[in-house]
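Take a look at the structure set out below.
The values are calculated or read from the model by the stated rules, or taken from the named source; none is laboratory data. Just so you know, these numbers come straight off a predicted model, no measurement behind them. Cβ coordinates were reconstructed from backbone atoms using ideal geometry, including for glycine residues, and neighbour counts include every protein chain displayed. We work out accessible area using only protein heavy atoms, side chains counted, and drop any ligands, DNA or RNA first. Shrake-Rupley method; radii C 1.70, N 1.55, O 1.52, S 1.80 Å.
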Amino acid sequence: MNWKALDFEQITARELYLILRARSAVFVVEQSHVHLDPDGRDETSLHVFAVDDISRSMPVIAYARLREGNSETPEVVVDKVLTSPLRRSDGTAEALIERVLAATSERWPGRRVRLVAPVDLRGFYEAFGFRAAEGPFVERGVRLVNLVRKSRQIRQGSPPRMMGTGGFVDTVELS
């Protein structure tokens, strides 16, 4: 497994294709959420993802998009969070969230982190320090909760900490 945290300009055309394919497979096909996935926010985001055997048809096994909030809400927004169905419950989801938090602390030190997740994944995110800020509410037939995590400082050079294995991460994107 190869982890990457890249700005849009750093992503190769092949990587971008594979990311969009993975997002479509989870959000459009699996979750039946018909929408225009390339929503204009990718170009200003940091993309955290893991790829496995690049020769496979679906090598992106975990992905999340990070971006700055607006001037009224100076926090980091995490959306498009997914893990491959083949990698759920094997620790990949936990590794993804640890890398997301590390990237957030490095790129935007001192900022809060916000995401929207299905209510049944609230406990998963609470294990990483997220707390409910709003909700639950229903969007597109899914019960969601808005979660916020205060900033944390990561020691330079310390590897991401692995949490215990648990459920999968499969959130819907934040509108």
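Go through the range 89-113 residue by residue and tally those that are open to solvent by 50 Å² or more (accessible area, probe 1.4 Å) and at negative phi. Qualifying residue count for the region: 7. Restricted to the range 68-88, and to residues there that are open to solvent by 30 Å² or more (accessible area, probe 1.4 Å) and either modelled with pLDDT of 95 or more or farther than 17 Å from Glu30 by Cα (or both), the residue that is nearest to the chain's Cα centre (by Cα) is Glu68. Within the range 52-67, if we keep just the residues that are open to solvent by 20 Å² or more (accessible area, probe 1.4 Å) and touching a helix residue (DSSP H, G or I) at 6+ places or on another chain (Cβ under 7 Å), the residue that is modelled with the highest pLDDT turns out to be Arg67. Taking the criterion of being of a type in the set (Gly, Ala, Ser) and either over 15 Å from Val78 (Cβ atoms) or open to solvent by less than 50 Å² (accessible area, probe 1.4 Å) (or both), the residues of the range 114-141 that qualify are Ala117, Gly123, Ala127, Gly129, Ala132, Gly135, Gly141.
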